[in-house]
Structure formats: structure tokens, C-alpha cells
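Computed from the coordinates by the stated procedures, all read-outs in this text should not be read as laboratory data. None of the values given here were measured: they were computed from a predicted structure.
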Amino acid sequence: MRAILTALALTLAVPMAGCSGGGDTAADTTGLVPVTITAAGQTHRFDVEVVRSPEDQKQGLKFRTALPANGGMLFPFDKPRIATFWMQDTLIPLDMFFVRADGSIDRIAENTIPQSLEPVTSGGEVSAVLELAGGTAARLGIDETAKVTWQERR
């Protein structure tokens, strides 16, 4: 049964930064984009790569051995959807922030397990997934009450 569920999740998933995950996305990858997370009255800024093409989604953060403390990867979707990711070929733990259309956080998957094929799924429909270095949420006190914003460059 577990193998069937994993196969189903992998079929539905779209590759993601360092992870594999997915979603309906636009054209190609752009440069770094500032992302702000506001939590408990504090604002935290990150400069992240934006992933748009299916090829870049499949690559994501795979095979990287480090991620800057203020770096990460953002996977915006054309329309809100259930998002599923996994950590195949991702060598570092990540915190995955599943972000709703209004910037609220649906779910945070903290310290995902490197190279795992276990699906990591949002709790509901989301408009983006933000991947940051594992432990970031705990280190900065970010939880599901935080708000995520970014300004895309096209």
C-alpha cells in the first residue's frame, strides 16, 4: 500500500528545488527575488531563486551541498493547487513553506529528510512553495501564523 501511495504522489508531483514537487508554472527561471516573511512582529528577508520551467522544477535544489542562510528557492504556481514534493537527490535538509494565495502559510514541513522519497504535501491548495535551509523556521521562530510576500520580476 505504501508503495502505491508513493507512486501516486510521485505521479502527481512536480519537481522542485532540491526536492521534487510541482505545479502549473509560467515560463523560465529568473534571477534572485526578495522574499519577506513576517512573523511575530519581525521581518525576515531572503533572496531566492524563482523556478518556473518544468526542467528547472525537476532540478530544483538537487545535488547542492549548501544553501545560504538567506537563500532559497520559490516555486510559484499559475493557480492554487495541492502541492506535493519529495527530496530525491536533495543532499541537504530543507524547510518547505506551503504558501496560500493571500501569503498566509498553509503548512511548514521542517527539516525534510535528504534523499527521501516520502511525499511532502501541502494541507490545502497553495499558490507557491518556498524552500529555505533546514532549521530556518525554528531558528527564526516562524510558524503558520507568519505571512510571506515577494515581488516577482518578469
Worksheet entry | 5 angstrom amide H check on SER104, placed H, neighbours 5+ away | VAL148
Response to the item:
For the range 101-112, Karplus-derived ³J(HN,Hα) couplings (6.51, -1.76, 1.60; θ = phi - 60°; whole Hz; x for glycine and proline) come out as 4, 8, x, 6, 9, 6, 6, 10, 9, 8, 6, 4
